[in-house]
1. Give me the percent of Cα-Cα pairs in the chain that sit more than 31 Å apart, rounded to a whole number.
2. Sort out the exposed loop trypsin sites (Lys or Arg not before Pro) in the chain (DSSP loop, at most 15 other Cβ within 10 Å) and tell me the longest stretch that has none.
3. Test of understanding: ordering Phe107, Phe76, Phe135 by Cβ neighbours within 10 Å, fewest first, what list do you get?
4. By counting other Cβ atoms within 10 Å of each Cβ, how are His84, His127 ranked from fewest to most?
5. Which whole-number percent gives the relative contact order of the chain, counting Cα pairs below 8 Å spaced six or more residues apart?
6. Please find the FRET efficiency linking Trp230 to Glu93, where r is the Cβ-Cβ separation and R0 is fixed at 30 Å, and quote it to the nearest 0.05.
7. To check my understanding: the extent here is largest minus smallest coordinate of the Cα atoms along each principal axis. What are those three numbers for the range 84-134, in Å, largest first?
8. Which one of Pro185, His35, Leu8 has its Cα pushed farthest toward the positive end of the charge dipole of the chain, where Lys and Arg give +1 and Asp and Glu give -1 at the Cβ?
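Each reported figure results from applying straightforward, stated rules to the coordinates on display, with no laboratory input. Worth saying up front: this structure is predicted, and the values here are computed from it rather than measured. As a convention, Cβ positions derive from the backbone with ideal geometry for all residues, glycine included, and neighbour counts pool all protein chains shown.
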Amino acid sequence: MTGRVTRLGERAWTDLGGRHTVLLPVGSLEQHGPHLPLDTDTRIAAAVARRAAEDDPALLVAPPLAYGASGEHEGFAGTLSIGHDALRTVLVELGRSAARWASRLVFVNGHGGNLPTVPDAVAQLRHEGREVAWFGCAVPQSGTHGGDAHAGRTETAILLALDPSVVRIEAMEPGNTAPLAELLPTLVRGGVAAASANGVLGDPRGATAREGEELLEGMVGQLRERLGRWLPDDRGRLG
Ligand SMILES: [Zn+2]
């Protein structure tokens with residue numbers, strides 16, 4: 001029941017008279033190697049938002065935006081990108097619309113390629129006087145389970161925690177494991193296809209649901225804490 005109460009799409013408009021903070025997951029539909037589904041980023045953003053909203057009646061989770069800016073993944077079948085201009089327009093319009101009835105709106109972003117458009121859109125909305133912020137579902141590169149770039153151990157572990165039935169264990173194989181800083185010039189020039197034939201940046205092998213659960217709970221805890229503090233920086237990032 002709790003889950004249903006937080007889902008904006010399942011509410012009636014007459015339920016929504018009080019002060020609400022809307023969490024709107026922002027994802028992508030792009031290749032995630034041979035072993036993960038195309039909607040990996042959307043699943044992660046939606047799960048972080050859902051878990052953060054549990055047991056807090058003031059929080060509502062909007063249906064996720066399932067498309068983002070994925071130009072760097074063109075060249076792989078399945079990728080559907082709306083590009084940065086369209087993404088910016090969608091986010092700004094959603095922000096203006098939400099601000100007509102909700103007290104606050106937070107974009108919970110699951111796809112690094114949507115930057116810097118997410119903070120750009122949020123900065124515009126804040127400039128217009130709206131209480132909008134954003135949160136990035138990112139795993140620090142250092143630490144026990146250091147985050148890797150794309151479809152590697154980090155995202156594989158999180159998907160194993162969320163729904164192991166969508167992870168193709170037998171198809172897991174390493175991609176380009178060079179550090180992101182080293183890969184960046186190639187990525188900028190030719191996208192992910194130029195750096196990795198299978199689309200993976202990192203190595204998914206050995207990922208476990210248990211470490212995925214820890215990573216998820218880390219992001220959820222961070223989002224909860226930052227929602228409580230509500231201290232968006234000048235680019236609207238919840239800090
Ligand atoms: Zn991803």
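1. 21
2. On the way: sites that count: Arg11, Arg19, Arg100, Arg168, Arg205, Arg235.
Formally, the longest exposed-site-free interval is 20-99.
3. By the 10 Å Cβ count, ascending, the order reads Phe76, Phe135, Phe107.
4. His127, His84
5. Values: 485 pairs, mean separation 52.3, N = 239.
So the answer I get is 22 percent.
6. 0.80
7. 29, 18, 15
8. Selected residue: Leu8.
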